[in-house]
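What follows is one structure encoded as structure tokens, with my remarks underneath.
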Amino acid sequence: MLFNDETTMIQFNAIGYAKTAYKTIADMPIQGAGIADNLAQIVIDEALQAGLQDLGAFSHIYVIFHLHKMSEPALSVIPFLDTKPHGIFATRSPKRPNPIGLSIAEIERIEGNIIFVKDIDLLDGTPILDIKPYIQAFDNISNTRDGWYEQGLDPKTIRSDERFK
């Protein structure tokens, strides 16, 4: 199978955008967990507002987004929580071949077409591709392995720098 020909090119339209306190990549959190004091908004296109019905009954959502500020992808990166290079698919680096990101956010409330969330690590203006409810019975996996991730490092205290600009 050939990649990047007209049969494998995929196009998405944003369903909304993020409104956050983070204006630049440098110094923003590298993970959303632990930044609950920063309330953000996921603004959904008004034409899609009916799709938010019943979402407020969930505590958390997956937010799938476009990493719109990334430059060229890399197949090997040194992640924030390590000092050695790793393959891009073994990291959560934004320098991906397809600039798609995934975060879990806590829903505080929904007003009209706006989802107010905590624990989100997105730049202001980030295009949102999709949202899905987090369902503990499906999404909480036990007995996992964390590969190279050094358990002693606290991702809640690490901030971004310019390496993935």
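Values in this text are rule-based calculations from the coordinates and carry no lab data. This structure is a prediction, so every number in the text was calculated from the model and none was measured. Cβ placement follows ideal geometry from the backbone for every residue including glycine, while neighbour counts extend to all protein chains displayed.
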- request: Please list the non-local residues whose amide H lies under 5 Å from the amide H of residue 76, H modeled 1.01 Å from N, same-chain partners needing a gap of 5 or more.
  value: 88
message: Taking the beta-carbon count within 10 Å as an exposure proxy, list 28, 9 from fewest neighbours to most.
response: 9, 28
- request: For residue 55 and residue 135, calculate 0.36 nm times their separation in residues minus their Cα-Cα distance, and state this gained length in nm to one decimal.
  value: 27.7 nm
task: Calculate, for residue 83 and residue 124, the FRET efficiency according to 1/(1 + (r/R0)^6) with r their C-beta to C-beta distance and R0 41 Å; round to the nearest 0.05.
output: 0.85
statement: Per-residue Cβ contact counts at 10 Å, fewest first, order 19, 84 as 84, 19
- prompt: Using the scaling law 2.2 N^0.38 Å as the reference, what is the normalised Cα Rg of the stretch 79-141?
  reply: 1.38
message: Give me, ordered by chain and number, the residues 5 or more places off residue 125 or on other chains with an amide H under 5 Å from its own placed amide H.
response: 18, 19, 20
- prompt: Hey, what's the Kirkwood Rh for the stretch 16-135 if you take every pair of different alpha carbons, in angstrom?
  reply: 15.0
field: Footprinting exposure proxy for 92, 145, 109 (fewest neighbouring C-beta atoms within 10 Å first)
entry: 145, 109, 92
